[in-house]
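Asker: This is the structure I want to talk about, given as structure tokens.
Values in this text are rule-based calculations from the coordinates and carry no lab data. These numbers come from a predicted model, not from an experiment. Cβ placement follows ideal geometry from the backbone for every residue including glycine, while neighbour counts extend to all protein chains displayed.
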Amino acid sequence: MTADIALLPDAGPLITLAYADALDLLFKPGWRVMLVDMVLHEVTRNPTPTSQTLAGWAAKHAIPILPTRTLVSHQRAQQAGALPRRRDLGELAIQEVFNDFALAVPPRTGVFLFEDHRIARGSFLVPASCRKISTRAFLRFLEQKGLLASAAEVEARAIQAGRVFSRLRFPPE
């Protein structure tokens, strides 16, 4: 059942879809869209062209926010006056949630939506019950399923609005 699948977007896809005014495409497959707390923090902590849009979209749709130790650790470091680590925290938080998914009985199914080349090639552990897919591949998936008229048009809108969209193609063509 598709509603049992959780779609967990990273910051990059959220930003790209916000630039394209296409965040609601995340609902098209019928999967449950969820945000990891650290990812939401990353995309809303500073004023950017998309931060207000993303915060408003998450609130409007009452997107479930999954708590992680990663955000707690980051906030503690900030409060202690330390320079907290800033790179890869969203990915670490998603990895944390995926580990929880894998340990659930029965294991939960998650789809990690990413836009970062390091994740495609790196050591990001994807448990057997979970998958990872790039933004571009997700848009093509929607197009192939007849849920989107043109993946290329969404990409073009994001780029025209100022998004430097990853050239990553994963899985490779």
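Asker: Treating the chain as a set of equal point scatterers at the Cα positions, no solvent, please give the Debye-formula log₁₀ I(q)/I(0) at q = 0.15, 0.20 Å⁻¹.
Answerer: With one equal scatterer per Cα and no solvent, log10 I(q)/I(0) is -0.85, -1.53.
Asker: What's the center-to-center distance, using Cα atoms, between region 65-86 and region 19-47 in Å?
Answerer: Their Cα centres are 20 Å away from one another.
Asker: Right, next: Can you tell which of VAL126, ILE5, ALA151 lies farthest toward the positive end of the dipole of the chain, using +1 and -1 charges on the Cβ of basic and acidic side chains (Lys, Arg; Asp, Glu)?
Answerer: Result: VAL126, furthest along the dipole toward the positive end.
Asker: Where nothing but the Cβ of Lys and Arg (+1) and of Asp and Glu (-1) is charged, how large is the charge dipole of the chain around its Cα centre, in debye to the nearest 20? Before the final figure, lay out the partial values.
Answerer: Working: 21 positive and 16 negative charges, 49 e Å.
In debye, rounded to 20, the chain gives about 240.
Asker: Here is a further query. What residues from region 12-53 fall in the zone where the backbone N is under 12 Å from a label point 7 Å along the Cα-to-C-beta line of GLN160?
Answerer: Counting backbone N atoms under 12 Å from the label point, the list is 20-21.
Asker: What's the extension gain from ALA128 to GLU153 if we count 0.36 nm per residue and subtract their Cα-Cα distance?
Answerer: Values: separation 25, 0.36 × 25 = 9.00 nm, distance 3.28 nm.
Taking 0.36 nm per residue and subtracting the Cα distance, the gain is 5.7 nm.
Asker: Within the chain, which DSSP H helices have Cα atoms that stretch 18 Å or more along the helix axis and a mean Kyte-Doolittle hydropathy of at least -0.5? Numbers along the way, then the final one.
Answerer: Numbers: long enough: 89-103 (21 Å, 0.76).
Span-like helices in the chain: 89-103.
Asker: Right, something else. Give the relative contact order (percent, whole number) for region 2-160; include only Cα pairs under 8 Å separated by 6+ residues. Walk me through the numbers before you get to the answer.
Answerer: Values: 218 pairs, mean separation 47.5, N = 159.
Answer for region 2-160 is 30 percent.
Asker: OK, next. Summing +1 for each Lys or Arg and -1 for each Asp or Glu, what net charge is found among the other residues whose Cβ lies under 13 Å from the Cβ of ALA161? Can you show the working numbers first?
Answerer: On the way: positive: ARG157, ARG163; negative: ASP21, GLU153, GLU155.
Residues close to ALA161 contribute a combined charge of -1.
Asker: List the trypsin sites (Lys or Arg not before Pro) in region 7-87 that DSSP assigns to loop (not H, G, I, E or B) and whose Cβ has at most 16 other Cβ atoms within 10 Å. Which are they? Kindly include the intermediate steps, with their values, before the conclusion.
Answerer: Working: sites: ARG32, ARG45, LYS60, ARG69, ARG76, ARG85, ARG86, ARG87; in loops: ARG45, ARG85, ARG86, ARG87.
Sites meeting the loop and neighbour criteria: ARG45, ARG85, ARG86, ARG87.
Asker: Lysines near LYS145 by alpha-carbon distance under 20 Å, same-chain residues fewer than 8 away left out - which ones?
Answerer: LYS28, LYS132
Asker: Treating each Cα of region 1-92 as an identical point scatterer and ignoring solvent, apply the Debye formula and state log10 I(q)/I(0) at q = 0.19, 0.21, 0.25 Å⁻¹.
Answerer: Debye curve over Cα of region 1-92, log10 I(q)/I(0) at q = 0.19, 0.21, 0.25 Å⁻¹: -0.90, -1.06, -1.35.
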